[in-house]
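Here's the structure we're looking at; comments come further down.
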Amino acid sequence: DVKVTQSSRYLVKRTGEKVFLECVQDMDHENMFWYRQDPGLGLRLIYFSYDVKMKEKGDIPEGYSVSREKKERFSLILESASTNQTSMYLCASTATVNTGELFFGEGSRLTVL
Amino acid sequence: AQSVTQLGSHVSVSEGALVLLRCNYSSSVPPYLFWYVQYPNQGLQLLLKYTTGATLVKGINGFEAEFKKSETSFHLTKPSAHMSDAAEYFCAVTLYGNNRLAFGKGNQVVVIP
């Protein structure tokens with residue numbers, strides 16, 4: 001089975017802190033994604049990567065950056081956390097040939113105080 | 001750009017009754033359509049997908065959906081609801097070769113005993 005692992009299920013940070021959310025997949029997928037999930041808003045794409053060291057902005061990239069140094073790992077970085085970044089963050093991956101069939105991690109719930 | 005609309009954020013259904021979740025899409029070219037399910041405290045998982053061919057697609061756990069081009073719809077149904085169907089359901093759309101999905105806002109399904 002495909003496994004997408006998010007390192008932290010729950011995090012509590014303070015305003016202004018730098019936050020790292022880590023995601024690792026074990027299926028050699030080229031594409032990796034970071035989504036933000038908020039009640040009533042569904043999933044919104046923050047950033048995605050279609051190859052190592054490649055990244056593209058999604059729909060809401062402001063306040064976030066990403067890093068993909070290795071194929072299996074995709075990190076989301078909040079340079080200076082703010083309270084409006086309190087949310088559930090979901091990582092996903094897929095092979096390029098599998099259009100739309102994303103495999104998701106269990107999510108990281110971030111609270112910024 | 002492609003988009004989907006899901007009406008009614010919360011849907012209550014009695015155990016044993018029909019589950020019907022509506023999804024309408026907007027796309028200028030033939031789309032790929034998906035339903036994902038999210039159980040409590042978990043990530044999303046693929047329920048079913050339409051790419052090409054047969055317009056009635058069957059998924060896991062007894063769910064099915066029908067692609068109707070004339071109505072630009074991809075409604076999800078299950079003949080008889082089970083308590084284990086309580087979850088959030090998301091419709092999504094993309095185009096062939098594009099893994100950047102557009103998600104709907106989701107339907108939270110509550111099953112009443």
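Readers should treat all values here as calculations from the given coordinates under stated rules, not as data from a laboratory. Computed from a predicted structure; not experimentally measured. Cβ atoms come from the backbone with ideal geometry, glycine included; neighbour counts cover every protein chain shown.
Among A:Gly58, A:Gly40, A:Gly16, the largest mean-square fluctuation in a Gaussian network model of chain A, built with springs joining Cα atoms closer than 10 Å, belongs to A:Gly40.
Within 10 Å of each residue's Cβ, count the other Cβ atoms and sort A:Arg44, A:Arg36 from fewest upward.
Values: A:Arg44 16, A:Arg36 21.
In increasing order of surrounding Cβ atoms, one gets A:Arg44, A:Arg36.
Give me the lysines in straight-line cross-link reach of B:Lys58: C-alpha distance below 27 Å, same-chain residues under 8 apart excluded. Here the lysines satisfying the reach criterion relative to B:Lys58 are A:Lys3, B:Lys49, B:Lys68, B:Lys69, B:Lys78, B:Lys105. Going from the residue with the fewest nearby Cβ atoms within 10 Å to the one with the most, B:His10, A:His29, B:His75, B:His82 rank B:His10, B:His82, B:His75, A:His29.
Summarising the label geometry, the points placed 7 Å from Cα in the beta-carbon direction at B:Ala17 and B:Thr55 lie 2.8 nm from one another. For the protein assembly as shown, the Kirkwood estimate of the hydrodynamic radius, built from every pair of different alpha carbons, is 18.0 Å. Its residue count N fixes a reference of 2.2 N^0.38 Å for chain A, and the Cα radius of gyration divided by that reference is 0.99. Shape index of segment A:1-57: Rg/Rh, with Rg the Cα radius of gyration and Rh the Kirkwood radius from the inverse mean 1/r over Cα pairs, equals 0.99. Using a Gaussian network for chain B with springs between C-alpha atoms less than 10 Å apart, which of these wobbles most: B:Ser70, B:Ser80, B:Ser14? Checking each option, the largest mean-square fluctuation is seen for B:Ser70. Karplus-based coupling profile of segment B:103-112, in residue order and whole Hz: 9, x, 7, x, 10, 8, 9, 10, 9, 9, with θ = phi - 60° in 6.51 cos²θ - 1.76 cosθ + 1.60 and x standing for Gly or Pro.
Over all pairs of distinct alpha carbons, what does the Kirkwood formula give as the hydrodynamic radius of chain B, in Å?
On the way: mean 1/r = 0.0711 Å⁻¹.
Computed over Cα pairs of chain B, the Kirkwood hydrodynamic radius comes out at 14.1 Å.
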